[in-house]
Amino acid sequence: MTEEQKAAYVFSQSICAMIEAMGMEQENNQRWHLSQSMAYVHSDFKKLLDEYGIHHNAVIERFTT
């Protein structure tokens, strides 16, 4: 995989994580308006970094292999 392909992959994974996080945030907003408990907490958002392989070490590793 070229450096450009690696960058494109990391970018696409970032977009996927962002889209999922936006949906999670909207669910929390809906629940807030209904005075319900939140569906997602901080750790749920942080898990997206691992799930999509976009945390710092994963990205650095992708570009050094």
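The values are calculated or read from the model by the stated rules, or taken from the named source; none is laboratory data. Given the structure is predicted, the values throughout are model-derived calculations rather than measurements. Here the Cβ is made from the backbone with ideal geometry for all residues, glycine too, and neighbour counts use every protein chain on show.
General remarks:
- Inter-residue pairs, beta-carbon under 9 Å, first in a loop (DSSP other than H, G, I, E, B) and in region 1-22, second modelled with pLDDT of 95 or more, 6+ apart: Met1/Tyr9
- Any chance Ser14 is among the polar types (S, T, N, Q) and exposed (fewer than 11 other Cβ atoms within 10 Å of the Cβ): no
- For region 36-65, a tally of residues being surrounded by 14 or more Cβ atoms within 10 Å (Cβ to Cβ) and at pLDDT below 95 returns 1.
- Of the residues in region 50-60, at least one is of a type in the set (Phe, Trp, Tyr) and in contact with a helix residue (DSSP H, G or I) (Cβ under 6 Å, 6 or more places away or on another chain).
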